[in-house]
């Protein structure tokens, strides 16, 4: 071990003279330093990218079909619905930023987005799709549908992992 290096925790720590007095901690129970792992940055940027892609997709696919505000009395209601439907994506962007900053609230925001999407958006999208059109889904629509369900399921799985929960608890300190 060179000068200035932090020893790894474990039973071998007490055996070295330079580590005299240090408490022995098993590697499984050692608190993880936020600087030791890269997953918060990776998952945070992934959340930002997914949310931004959904927002861009909504603008590109919905905006060209907005009704004429002068002819349609429901134009303003339609715009409000589009704005409200962007809220989960904005929550996911915020969750991604807070995850990169290693704030414990990021876990809750990611899970809020994930469960909201799984419980409300996906069944609602299926109902709208079946009632709006009788044509089969295109490859692009199938890809969007798979991604729409895959990322929230990934987030629920990822943040349920004990190792991840333990590290997030370390951020509180």
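Below, the figures for the structure above:
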| read-out | value |
| --- | --- |
| Any hit, the range 142-160, residues being farther than 18 Å from residue 96 by Cβ and at pLDDT 85 or above | yes |
| Residues that are closer than 19 Å to residue 112 by Cα and in a helix (DSSP H, G or I), drawn from the range 153-165 | 153, 154, 155, 156, 157, 158, 159, 160, 162, 164, 165 |
| Those residues of the range 55-79 which are in a helix (DSSP H, G or I) and over 20 Å from residue 92 (Cα atoms), in sequence order | 61, 62, 63, 64, 65, 75, 76, 77, 78, 79 |
| Any hit, the range 68-83, residues being loosely packed, with under 12 Cβ neighbours inside 10 Å and at pLDDT below 70 | no |
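Residue-by-condition table, conditions (1) modelled with pLDDT of 75 or more; (2) surrounded by 13 or more Cβ atoms within 10 Å (Cβ to Cβ); (3) in contact with a strand residue (DSSP E or B) (Cβ under 8 Å, 6 or more places away or on another chain); (4) in a helix (DSSP H, G or I):
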site	(1), (2), (3), (4)
94	yes, yes, no, yes
114	yes, yes, no, yes
125	no, yes, no, yes
134	no, no, no, no
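The values are calculated or read from the model by the stated rules, or taken from the named source; none is laboratory data. All values reported here derive from a predicted model rather than from experimental measurement. Cβ sites come from the backbone with ideal geometry, for glycine too, and all protein chains shown count toward neighbours.
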